[in-house]
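One structure below.
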Amino acid sequence: MRYRKLGDSGLTVSEIGFGTIPVLQGNVPVLPDYFNLNVEEALEVMECAFRLGCNLYDTAIVPEYGDAERKLGKFAAYIGREQLVISDKARFFDGNEMYQAVQTSCENLGTCADIYFVHQIDEEHEQEVFQKGGALDALTELKREGRIRFTGIASHYYDILLRGAKDSRVDVLQGSGNLLERGMLERFCSEPLFKGKGFLVNKVYAAGILPVFFPVDTLLRTVLSYPVSSALVGIGTKEQAEQAMRWNTVRNQGEIPSFEEVLSVLEKDYSPIPCDRCQKCRCVYGTEIHTVFRQYQYYFLGKEYWALRKLDMSIEKSAQHCRECEKMSCMDQCPKKIRIPDEIMKICRLVKDHPIVWRG
């Protein structure tokens, strides 16, 4: 295992971090699958990763990640708290709620987290998080009190992470990126404001679907070619731990595939949209174009029901906006020159042709 600095925090973390979603037990509403590791099994998997050099473990408050937070607390007590860097998070945007969430997480863990993130910040809640008395202020206060060591924000949106990079209250950022969805990582590379902030990357396997098409070492090598601190990988078995933690021992490692080469592999199964989720396009009606395109890709990459459920919430409205739009400025903004309205219409037809059961 190799290690990297976590920005200017003074911490050193393993290049591969342990994502704890797969060690939870139960059915968690925000997640697409069911997990079923008991405490003993979960501790064995976490210890396997630790023995292979992993020191960074990422979790979230109960019940967001089920009982994973409690299991990580038991593991920290067993293996030695001082040997781990614990990253925790909660989806609360109000300052009072976030303050209480950290207290609860400390109780669940039996210790304090090293890094605590405001989780899943989107445009709807951005101002609440950053404003006076918001969640970020609460984390700053908790840091002063010694309840956490470092503050963080986690988001799938580049502009929100950029705002965090500019904010002196934020120590660590967490965003998504992978072999296919590398646009945000490319922008992160070229923006000096991110220098000095620790950066953890999630969705490295794209919700577990990319290892079907590409070797794990290729997926990890690609993400770690960017100036990030650690790649967070969801791990639920010893085999998965060994595969991830030993990625850099593979002989004759090849070059990192270009975006075009990635598309050519996927083209054997479907017609991928050449979107790398750079998020430079903006719809005047508010459609999150990159998110719609992601769900389309995930539909064909193995997450059919989950993707359709997401798309069904708004795709007809988005298609109607495309029909009404005259400027179509999104296409001018797209570096890949994607004919965005045509793709939105195609996705709308896909959803109509494949209705999902829960519609009633």
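Here, each number is a calculation from the coordinates, and none is a lab measurement. Every value quoted in this text rests on a predicted model; they were computed, and no experiment measured them. FYI the Cβ positions are ideal-geometry reconstructions off the backbone, even for glycines, and counts take in every protein chain you see.
Here the 3J(HN,Hα) profile of segment 108-123, calculated from phi with Karplus coefficients 6.51, -1.76 and 1.60 at θ = phi - 60°, is 5, 6, x, 6, 9, 6, 6, 10, 10, 9, 7, 9, 6, 6, 10, 5 Hz, Gly and Pro shown as x. Going down the table (Lys89/Lys143; Lys71/Lys143; Lys195/Lys336), which pairs top 22 Å between alpha carbons? Over 22 Å Cα-Cα: Lys71/Lys143; Lys195/Lys336. Dipole magnitude for segment 270-359: computed about the Cα centre from +1 point charges on Lys and Arg Cβ and -1 point charges on Asp and Glu Cβ, it is near 140 debye.
Put simply, the amide H of Val85, placed in the peptide plane, has neighbours under 5 Å in Leu56, Tyr57, leaving out anything fewer than 5 places away on its chain. Relative contact order, whole percent, for the chain stands at 15, derived from Cα pairs under 8 Å and 6 or more residues apart. Taking every Cα-Cα distance in segment 3-249 and sorting them into 10 Å bins from zero, the calculated P(r) comes out as 8, 34, 40, 17, 1 percent. Principal-axis analysis of the Cα atoms of the chain puts helix 289-300 at an angle of about 90° to the longest axis. Modelled spin-label separation between Tyr226 and Asp94, with each label point placed 7 Å from Cα along the Cα-to-Cβ direction: 3.4 nm.
Counting only GluC sites (Glu not before Pro) that sit in a DSSP loop (anything but H, G, I, E, B) with at most 14 other Cβ atoms within 10 Å, what is the longest stretch of the chain containing none of them? Here the longest segment lacking exposed loop sites spans 125-254. Applied to segment 45-60, the Karplus parametrisation 6.51 cos²θ - 1.76 cosθ + 1.60 on θ = phi - 60° returns per-residue 3J(HN,Hα) values of 5, 5, 5, 4, 5, 4, 5, 8, x, 6, 10, 10, 10, 10, 9, 8 Hz, with x for Gly and Pro. Note that segment 270-359 carries a Kirkwood radius of 13.2 Å, evaluated over its alpha carbons pair by pair.
In the chain, helices alone account for a calculated mean residue ellipticity at 222 nm of -12000 deg cm²/dmol, with every DSSP H run of four or more residues adding -39,500 (n - 2.57). Longest stretch of the chain clear of exposed loop sites (trypsin sites (Lys or Arg not before Pro), DSSP loop, at most 11 other Cβ atoms within 10 Å, sites excluded): 3-131.
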